[in-house]
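Some notes on the structure that comes next.
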């Protein structure tokens with residue numbers, strides 16, 4: 001799992017391997033978390049959790 005989120009880590013012929021790295025950085029910057037559960041031959045489930053914030057009446 002740790003390798004997935006490293007920059008430039010990819011198993012594909014196309015792409016740079018920075019998508020999940022960037023996604024995790026954005027999610028963390030908003031106080032959230034991302035996790036992955038993978039099963040060989042079945043795929044992966046990514047769970048993103050972001051904190052709720054209250055919006056004031058002023059906007």
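Any chance you could count how many residues in segment 14-24 are surrounded by 14 or more Cβ atoms within 10 Å (Cβ to Cβ), in a helix (DSSP H, G or I) and out of contact with any strand residue (DSSP E or B) (no Cβ under 6 Å at 6 or more places or on another chain)? Final tally of qualifying residues: 3.
Here residue 49 does not fit the description of being over 12 Å from the mean Cα position of the chain (by Cα) and modelled with pLDDT of 90 or more.
For (1) part of a helix (DSSP H, G or I); (2) surrounded by 12 or more Cβ atoms within 10 Å (Cβ to Cβ); (3) in contact with a helix residue (DSSP H, G or I) (Cβ under 8 Å, 6 or more places away or on another chain); (4) touching a residue at least 40 places away in the same chain (Cβ under 8 Å), each residue gets a yes or a no:
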| residue | (1), (2), (3), (4) |
| --- | --- |
| 4 | yes, yes, yes, no |
| 9 | no, yes, yes, no |
| 12 | no, no, no, no |
| 31 | no, no, no, no |
| 37 | no, no, no, no |
| 54 | no, no, no, no |
| 58 | no, no, no, no |
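Selection of segment 39-52 for residues being surrounded by 10 or more Cβ atoms within 10 Å (Cβ to Cβ) and part of a strand (DSSP E or B) yields 44, 45, 46, 48, 49. The residues in segment 29-40 that are over 12 Å from residue 4 (Cβ atoms) and touching a strand residue (DSSP E or B) at 6+ places or on another chain (Cβ under 8 Å) can be counted, and the count is 2.
The values are calculated or read from the model by the stated rules, or taken from the named source; none is laboratory data. Small disclaimer: the values here were computed from a predicted structure and weren't measured. Neighbour counts run over all protein chains shown; Cβ positions are idealised from the backbone, glycine included.
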